[in-house]
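*Asks:* First the structure, which I've put down as structure tokens, then a few questions once you've had a look.
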Amino acid sequence: MATAKIIALAGSLRKNSFNQAVITHAAQLAQQQGSEVEVISLAELNLPMFDEDIEAQGVPSSAQQLKDKLRSADAILLASPEYNGSITAVLKNAIDWASRTEAGATPAFRNKVVALFAASPGGLGGLRGLNHVRDILSGIGALVLGDQLAIAGIHGFVNDQGELTDSATSEKIAGLTSQLIDVTSKLKS
Ligand SMILES: Cc1cc2nc3c(=O)[nH]c(=O)nc-3n(C[C@H](O)[C@H](O)[C@H](O)COP(=O)(O)O)c2cc1C
């Protein structure tokens, strides 16, 4: 099977982000399965708030980097924290920057296979926000897998080093990650 090139990111800037922990774990599993994976930290990328006036003066290098990385990937492992039943401003801002297309360029999300994760200390695991992320990404051409994973009570499954410690949760993450790799590899071959 052709090697899948995957970008992994989470919609949080928090140093001890649970969603970043989930996506880092998924990235490690994908690497073990032979995929080429790059984990992006939106905190490190430090994108400005999207503003067409800023864009008109020249796309900031952070936004260009994000766009280029997404364009060169086949698939995306995406963990979306839930704020007030929806997507975080941080993730929407990143999507807005990346969605902007220069003349002749390929839209960054077009035909990218996406596996959606959410993690929350709450009982629904961020499930409600995933519907919104799915809607947004599908609308800009991403191929979002029907299966998704919302992890409830995540604070009990991650240690102080940001490592996932629960084997049952790890197995669920592995299942969705494998599905992303399988679908992506089939599309590439
Ligand atoms: C403004 C705000 C709104 C939130 N709304 C929700 C919510 O609707 N559902 C939920 O499960 N958790 C909600 N939370 C709690 C987050 O799930 C929790 O802060 C989580 O740790 C965020 O993800 P992160 O650790 O990756 O940053 C909210 C947190 C904040 C700051």
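*Asks:* What pairs can you find where one residue is in the stretch 29-45 and hydroxyl-bearing (Ser, Thr, Tyr), the other is surrounded by 15 or more Cβ atoms within 10 Å (Cβ to Cβ) and modelled with pLDDT under 95, and their Cβ atoms are less than 6 Å apart, with a gap of 6+ or different chains?
*Replies:* Here the result reads 35/4, each pair linking the stretch 29-45 to a residue that is surrounded by 15 or more Cβ atoms within 10 Å (Cβ to Cβ) and modelled with pLDDT under 95.
*Asks:* Open to solvent by less than 30 Å² (accessible area, probe 1.4 Å) and in a helix (DSSP H, G or I): is that true of residue 137 in this structure?
*Replies:* Yes.
*Asks:* Moving to a separate point now. Kindly provide the set of residues from the stretch 26-45 that are within 13 Å of the ligand (Cβ to nearest atom), within 20 Å of residue 130 (Cα to Cα) and either of a type outside the set (S, T, N, Q) or outside any loop (DSSP other than H, G, I, E, B) (or both), ordered by number.
*Replies:* 42, the sole residue that qualifies.
*Asks:* Sticking with this one: For the stretch 102-117, which positions are within 16 Å of the ligand (Cβ to nearest atom) and either open to solvent by 30 Å² or more (accessible area, probe 1.4 Å) or free of Cβ contacts under 8 Å to residues at least 40 places away in the same chain (or both)?
*Replies:* 116, the sole residue that qualifies.
*Asks:* Scan the stretch 150-161 and give yes if some residue there is touching a Lys or Arg at 6+ places or on another chain (Cβ under 9 Å) and over 20 Å from residue 31 (Cα atoms), otherwise no.
*Replies:* Checking the stretch 150-161: at least one residue is touching a Lys or Arg at 6+ places or on another chain (Cβ under 9 Å) and over 20 Å from residue 31 (Cα atoms).
*Asks:* Still on this structure, please answer the following. Restricting to the stretch 44-65, name every residue that is open to solvent by less than 50 Å² (accessible area, probe 1.4 Å) and under 20 Å from residue 21 (Cα atoms).
*Replies:* 45 - this is the single residue of the stretch 44-65 that is open to solvent by less than 50 Å² (accessible area, probe 1.4 Å) and under 20 Å from residue 21 (Cα atoms).
*Asks:* Taking the criterion of being open to solvent by less than 60 Å² (accessible area, probe 1.4 Å), within 13 Å of residue 77 (Cα to Cα) and either aliphatic (A, V, I, L, M) or modelled with pLDDT of 95 or more (or both), would at least one residue in the stretch 118-129 satisfy it?
*Replies:* Within the stretch 118-129, one or more residues are open to solvent by less than 60 Å² (accessible area, probe 1.4 Å), within 13 Å of residue 77 (Cα to Cα) and either aliphatic (A, V, I, L, M) or modelled with pLDDT of 95 or more (or both).
*Asks:* Still on this structure, I have one more. When the residues of the stretch 17-43 are filtered to those that are hydroxyl-bearing (Ser, Thr, Tyr) and in contact with a helix residue (DSSP H, G or I) (Cβ under 9 Å, 6 or more places away or on another chain), which remaining residue is most open to solvent (accessible area, probe 1.4 Å)?
*Replies:* Step by step, filter the stretch 17-43, then rank; the result is 41.
*Asks:* I need the full set of residues from the stretch 89-101 which are without any contact (Cβ under 8 Å) to a residue 40 or more places away in the chain and not in a helix (DSSP H, G or I), in order please.
*Replies:* Of everything in the stretch 89-101, just one residue is without any contact (Cβ under 8 Å) to a residue 40 or more places away in the chain and not in a helix (DSSP H, G or I), namely 101.
The values are calculated or read from the model by the stated rules, or taken from the named source; none is laboratory data. This is a predicted model, so every value here is computed, not measured. A quick note on method: Cβ atoms are made from the backbone with ideal geometry, for glycine too, and the neighbour counts reach across all protein chains shown. These area figures cover heavy atoms from the full protein model, side chains too; ligands, DNA and RNA do not enter into them. Shrake-Rupley method; radii C 1.70, N 1.55, O 1.52, S 1.80 Å.
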